[in-house]
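One structure is given below, encoded as structure tokens.
Every number in this text was worked out from the coordinates using simple rules, so none of it is lab data. All of these numbers come straight from a predicted model, not from anything done at the bench. Glycine gets a Cβ as well: all are built from the backbone with ideal geometry, and neighbour counts include every protein chain shown.
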Amino acid sequence: MSDQVTMKVWRGDASGGDFADYVVEAREGEVVLDVIHRIQATQANDLGVRWNCKAGKCGSCSAEVNGHPRLMCMTRMSIFPAGQPITVAPIRTFPVMKDLVTDVSFNFEMAKRVPAFSPGPPDADGRYRMQQRDVERSQEFRKCIECFLCQDVCHVIRDHEENKAHFAGPRFLMRLAELDMHPLDTLDRRPLARQDFGLLYCNITKCCSEVCPEHIHITDNALIPMKERVVDRQFDPITRLGRAIRRKR
Amino acid sequence: MADIESHDYDVVVVGAGGAGLRAAIEAHASGARTAIVCKSLLGKAHTVMAEGGIAAAMGNVWSEDNWKVHFRDTMRGGKMLNNWRMAQLHAQEAPDRVLELEAWGALFDRTKEGLISQRDFGGHRYARLAHVGDRTGLEMIRTLQQRAVSLGIDVYMECKVHRLLMDGDRVAGALAYWRESGRFILFRTRAVVLATGGIGKAFQVTSNSWEYTGDGHSLAFWSGADLIDMEFVQFHPTGMVWPPSVRGILVTESVRGDGGVLRNSEGRRFMFDYIPQVFAAETADSEAEADRWYEDHINNRRPPELLPRDEVARAINSEVKAGRGTPHGGIYLDIASRRSADFIRRRLPSMYHQFKELADVDITATPMEIGPTCHYVMGGVKVDADTAASTVTGLFAAGEVAGGMHGSNRLGGNSLSDLLVFGRRAGLGAAEYAAGLGSAPAVDDLEVDRLMSEALAAFSNDGGENPYALQQELQETMHNLVGIIRVRAELEQAIEAVGKLKERARRVTVEGNRQYNPGWHLALDLESLLTVSEAVARCALLREESRGGHTREDFPQPDAERWGKVNNTVRRRGDEVQIEQVPLPQMPAELAALFEEPAK
């Protein structure tokens, strides 16, 4: 089985661009990335696109396909109605470099601001002991493949460039939650989550959870519990008293 | 020299997978000014795709396990062609490297006692793979990436090292380009660690990502370093076969480790028909015994589905050739009828997801169709086991790009541990070398100018060859003529075909400009792909025996007397490839004695 499809692919760079039409073959079982590769190999050798594993494991090939943020390698052509053109655009929250490639350096800068994992001492035999049920909470968040689709759809930063200075986005708020729930970690990252990473800007619309290709419950399992912990700390009477005493000193 | 961005370092690590990150962390910890230069974004390297686990004799599940058993398994899996010292260091140090990852934040699955859980894998006597579901590589790369970032190590992402620069016979630097802008960048450095992974993109059906174009193998070769045993290429027995667009994507060996079995179109567990003599004493010869083994490793022998990968891949190939394959030319891998849906989803979540999304197959209800896929190259840069130094001064190599550790065939799980053990040793070796160097080596500016204009030639070349089309032809050539089963006439044909492709590659024309231009990037990667393809084909032609990841139809048996004692050693002489047979390093008597005892 093989069909001709019309792909409208965004071509351009930081100075601007537009959709270009490519009529191209799509074969049985193919995903959007296969078709993009065929365009690249046969019609537009210089078409810029990021990809690595082509198996949904590396999170490189994020794009907006017919307006929906997706991994191109996990989006089968068969889900689209036959005979209609398919648009492929770069993810919108980050500045375009070229064609489908965006400048995601914001995320790598945010990663640098996460205080490193700080475990307590191991047991006497040098081993750490943790129960499976205790590691599972953070394990869910460590499934993250850093495709940044959650960052792309988060309306706090999507179309609000000005918020990027004080909002780290779901990926990095979840990273703080992951460390917070790690059975061995000893640091308190709640003040950082609230102040520098802007946790309270999140108004739990769950857009991030909906697009996550790893089906991580970002909002329910990471952000809401983290908000509760931050708020507990903020308004807990004993903590407040403690802060007041420290200030007096 | 043209005015280009330049930086000074003690150690430049090329590649940011497990080996590169671990090397950089160690070099940095040793006080060396260290940079990581990588072709993709940080955290996207091929390590991220590793599924099953990290092999380390920690004894958490079977207290009988220890480094000697792991060493023995590794050497036997590699058909005794491994560098014994690498295999020894690897088996001894892997447990510490795993525990270190845990101390850096990795969250492995646990045993009931709360220790790191370990799973069964092919060729390993005991369950010894530390794992996180079937996404262990992701856990490993993320842990190392987060560690490197927290240490403040400089990372140059989407930056490709094009050539190494020499000062006489020692390394002096690396010329690279930014993929985004196409601008060149010069690293002046005392030492370089190659951690660039493998060569899988030279083959048509592969589990490897676009990055695997043999860059490090070629950088070493062009600089005059020795490569060894390039003929040994591992075809993983279980890659997806349907639909065509996913052909080659890996299906983890954990499916078999966790109870999955291989069946042909007649429903027969055919692996019982392919147990080689050397593994007969430790392999079950009935389905009943094989099935009991999962619960009791002491009183039962291993299922033949868990023989080393070379044996299983060849068996699948034979079954399909004999007409007992699936409708899409594979074999059935069945875990649905053997384990509960709940168990499968918990132990193999990403396999479940992968088949569901890409093939509309529910692996908890139906068998998977699978077939061999090019997965790993055992051959690589010849290194000193203790320091990871290559034969070129100042050049080090670790991970898949290095040769020797796995002999002629790698056991599953031994790759991630290899990355950690020898990544660390390479970082240390490079930092010590850099610290001991009196004066910094000097880069030859004229050479830099020449290399830059050479790299840009394809923009003004009117030869009209398309880099994508050339890569595809090369992949077909290697797949058809230098694949799982090889024969003299086809290998000679392949060498001739690669030679012609090298000619045509000089006439590649690149469209567009230098800004994020994948066509240009591929045109440059083609040089490495062609270099390693020629080395693989030439080594394969010379080695007139079958062993591990090299099977010759015309020489179906191992030749212990002649080929069991030597490494094919490849080096550049002018524009020619020279290959000679160098005797294997001699194993000391106390280690050799381990192979005389019966399997324990």
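Quick look at the values:
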item: In Å, descending, principal axis extents of the Cα set of region B:173-308; result: 62, 35, 26
item: Calculated SAXS-style log₁₀ I(q)/I(0) at q = 0.17, 0.19, 0.21, 0.28 Å⁻¹ - region A:173-235, Debye, Cα scatterers; result: -0.55, -0.68, -0.82, -1.27
item: Kirkwood Rh, Cα atoms: Rg over Rh of region B:135-240; result: 1.00
item: Quarter of the Cα convex hull surface for region A:134-249, i.e. its orientation-mean projected area (nm²); result: 8.1
item: Reciprocal of mean inverse Cα separation for region A:99-160 (Kirkwood radius, Å); result: 15.3
item: Size of charge dipole - chain B - debye, nearest 20, with Cβ of Lys, Arg +1 and Asp, Glu -1, no other charges; result: 520
item: Positive dipole terminus of chain B, leading residue within B:Ala27, B:Ala359, B:Ser150 (C-beta point charges); result: B:Ala359
item: Dipole axis of the protein assembly as shown (+1 Lys, Arg; -1 Asp, Glu on Cβ), positive-most option in A:Leu187, B:Trp222, B:Val570; result: A:Leu187
item: Volume in Å³ per residue [convex hull over Cα atoms, computed for region B:61-105]; result: 83
item: Calculated diffusion of region B:472-530, Stokes-Einstein form, Kirkwood radius summed over Cα pairs, 37 °C and 0.692 mPa s, µm²/s; result: 258
item: Peptide-level mean, for B:38-48, of C-beta atoms on other protein chains within 10 Å; result: 5
item: 0 to 90° range, to nearest 10: angle between helix A:132-141 axis and chain A longest Cα axis; result: 50
item: Net charge dipole size for region B:463-567 [Lys, Arg +1 and Asp, Glu -1 on Cβ; Debye, nearest 20]; result: 240
item: All-pairs Cα distance distribution in region B:470-600, expressed in whole percent, bin size 10 Å; result: 11, 31, 28, 17, 9, 3, 0
item: Value of relative contact order over region A:142-249, rounded to a whole percent, pairs C-alpha under 8 Å and six or more apart; result: 29
item: Degrees separating the helix A:224-235 axis from the principal Cα axis of chain A, which is the longest one; result: 30
item: Region B:413-466: Cα Rg divided by the 2.2 N^0.38 Å rule of thumb; result: 1.97
item: Chain B - mean residue ellipticity at 222 nm from DSSP helices (-39,500 (n - 2.57) per run, n ≥ 4, rounded to 500); result: -11000 deg cm²/dmol
item: Net charge, B:Arg562 excluded, C-beta distance under 10 Å - Lys, Arg +1, Asp, Glu -1; result: -2
item: Residue mean of other protein chain beta carbons inside 10 Å, A:67-75; result: 1
item: Within chain A: Cβ-based charge dipole about Cα centre, in debye rounded to nearest 20 (Lys, Arg +1; Asp, Glu -1); result: 1340
item: Where Rh is the Kirkwood radius over Cα pairs, Rg/Rh for the protein assembly as shown; result: 0.95
item: Free-standing Cys residues across chain A, given no other cysteine C-beta under 4.7 angstrom; result: A:Cys61, A:Cys73, A:Cys144, A:Cys147, A:Cys154, A:Cys202, A:Cys207, A:Cys212
item: Table column - 3J(HN,Hα) (Hz), region B:401-412, Karplus curve with 6.51, -1.76, 1.60, x for Gly and Pro; result: 5, 8, x, x, 4, 9, x, 9, 7, 8, 7, x
item: Value in Å of the Kirkwood radius, where region A:70-141 supplies the Cα pairs that are averaged; result: 17.5
item: Neighbour-limited loop hits for trypsin sites (Lys or Arg not before Pro), region B:546-580 (at most 16 other Cβ within 10 Å; DSSP other than H, G, I, E, B); result: B:Arg562
item: Paired Rg and Dmax values of region B:281-325, which use every Cα atom, in angstrom; result: 12.4, 37
item: Alpha-carbon Rg/Rh ratio, for region B:536-600, with Rh computed the Kirkwood way; result: 1.08
item: Whole-number Å³ per residue for the convex hull built on Cα positions in region B:84-136; result: 101
item: Equivalent ellipsoid semi-axes - Cα gyration tensor, chain A, angstrom; result: 41, 20, 15
item: Mean projected area (nm²) of the alpha-carbon convex hull when region B:332-439 is viewed from all directions; result: 9.5
item: Sequence-separation-based contact order of chain A, relative, with Cα cut under 8 Å and 6+ spacing, percent; result: 16
item: For A:Glu25, net neighbour charge (Lys/Arg +1, Asp/Glu -1) across residues whose Cβ lies under 14 Å away; result: -2
item: Protection proxy ranking, peptides B:444-456, B:5-17, average beta carbon neighbours within 10 Å, highest first; result: B:5-17, B:444-456
item: Over region A:28-114, volume per residue of the alpha carbon convex hull, in Å³; result: 113
item: Cβ neighbours within 10 Å from other chains - mean over B:103-111; result: 6
item: Histogram of C-alpha separations across region B:409-543, 5 Å bin width, %; result: 2, 9, 13, 12, 12, 14, 15, 14, 8, 2, 0
item: Mean Cβ count within 10 Å, highest first, over the residues of peptides B:208-221, B:322-335, B:394-407; result: B:394-407, B:208-221, B:322-335
item: Selection from B:Gly323, B:Pro303, B:Ile275 lying farthest towards where the dipole of region B:237-353 points positive, charges on Cβ; result: B:Gly323
item: Sorted by Cβ density within 10 Å, fewest first, the residues B:Arg170, B:Arg301; result: B:Arg170, B:Arg301
item: Order of A:Met226, A:Met130 under a 10 Å beta carbon neighbour criterion, fewest first; result: A:Met130, A:Met226
item: Tail weight of P(r) past 40 Å, computed on alpha-carbon pairs of chain B, percent; result: 22
item: Over region B:54-209, equivalent-ellipsoid semi-axes from the Cα gyration tensor in Å; result: 35, 21, 16
item: For B:Glu496, B:Glu295, order by how many other beta-carbon atoms lie within 10 Å, fewest first; result: B:Glu295, B:Glu496
